[in-house]
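The values are calculated or read from the model by the stated rules, or taken from the named source; none is laboratory data. Only a predicted model underlies this, so the values are computations on that prediction, with no experimental measurement involved. Backbone-built Cβ (ideal geometry, glycine too); neighbour counts: all protein chains shown. Accessible surface areas use protein heavy atoms only, side chains included; no ligands, DNA or RNA. Shrake-Rupley method; radii C 1.70, N 1.55, O 1.52, S 1.80 Å.
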Amino acid sequence: FNIDRGFVVGERGFIARTENRGINWTIVNSGEAVLDFNAISFFEEAEGIVIGNGGFLARSTNGTNWTRVSASTNANLRAITMLDEQSAMVVGDQGIILKTSDRGITWNRISSGYSADFTDVVFLDESVGFITGKSGLMIRTFDGGATWERLDTGTFQDLTGLSFGDLNVGYAVGQNSLLFQYTCQVPVQP
């Protein structure tokens, strides 16, 4: 939302923000001093969510004050993806998928049929999304997360991250220099 502003999270509830492209950082009091944070993301410049170990999930409307929200899980939450201006999805250990449609106020659990630890999630639009996980797991949805199908990766190495430059090409990375490329030809006509 702003090229100068950024946030980072880390161990024992650490949150810091920059207003000048990372030259200077200011620590933000998260109210948490034990659990590690794994990801932070924003719906708009000051309204966002932060997730972490032990099912930690909190939201902020100003980027400074964070209020914990019930995630109904104690599993470690690992990754966030924003679906639109109101919705986001969070994934974590034990096959946890949580989705909000009200900017993080309430969360609903989504079943994928998999119980592996999930490591990352990316949605290309409101329908098409991917999740990576431990032991080579990669799953895909075409209906916003209502149903999921496994993609054959041919590996048992843990996949740790996803990135899509556009709708046609994406990459998954993992242990031991593992790199997968996903390609899809987008139809000209819907």
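Candidates in the range 158-187 are the residues that are more than 30 Å from Q86 (Cβ to Cβ) and surrounded by fewer than 15 Cβ atoms within 10 Å (Cβ to Cβ); of these, the one that is farthest from the chain's Cα centre (by Cα) is Q185.
Among residues of the range 73-87 that are in a strand (DSSP E or B), those with a beta-carbon under 6 Å from a residue that is acidic (D, E) and open to solvent by less than 40 Å² (accessible area, probe 1.4 Å) at least six positions away or on a different chain give the pairs A79/D120. Any residue that is out of contact with any Cys (no Cβ under 7 Å at 6 or more places or on another chain), surrounded by fewer than 17 Cβ atoms within 10 Å (Cβ to Cβ), assigned to a loop (DSSP other than H, G, I, E, B) and aromatic (F, W, Y) - is there at least one of those in the range 92-110? No, the range 92-110 contains no residue that is out of contact with any Cys (no Cβ under 7 Å at 6 or more places or on another chain), surrounded by fewer than 17 Cβ atoms within 10 Å (Cβ to Cβ), assigned to a loop (DSSP other than H, G, I, E, B) and aromatic (F, W, Y). Answer yes or no as to whether N76 is more than 15 Å from the chain's Cα centre (by Cα) and open to solvent by 10 Å² or more (accessible area, probe 1.4 Å). Judged against the criteria, N76 is not a match.
Among the residues of the range 142-157, are any modelled with pLDDT of 95 or more, in a strand (DSSP E or B), on the phi < 0 side of the Ramachandran plot and surrounded by 20 or more Cβ atoms within 10 Å (Cβ to Cβ)? No: the range 142-157 contains no residue that is modelled with pLDDT of 95 or more, in a strand (DSSP E or B), on the phi < 0 side of the Ramachandran plot and surrounded by 20 or more Cβ atoms within 10 Å (Cβ to Cβ).
If the condition is being surrounded by 14 or more Cβ atoms within 10 Å (Cβ to Cβ), of a type in the set (F, W, Y) and not in a strand (DSSP E or B), then the range 1-27 contributes F14, W25.
Does the range 45-58 contain any residue that is more than 14 Å from the chain's Cα centre (by Cα) and of a type in the set (A, V, I, L, M, F, W, C)? The answer is yes, given that some residue of the range 45-58 is more than 14 Å from the chain's Cα centre (by Cα) and of a type in the set (A, V, I, L, M, F, W, C). Looking at this structure, is R59 open to solvent by 30 Å² or more (accessible area, probe 1.4 Å), under 24 Å from G174 (Cα atoms) and part of a strand (DSSP E or B)? No; evaluated as a whole, the condition is false for this residue.
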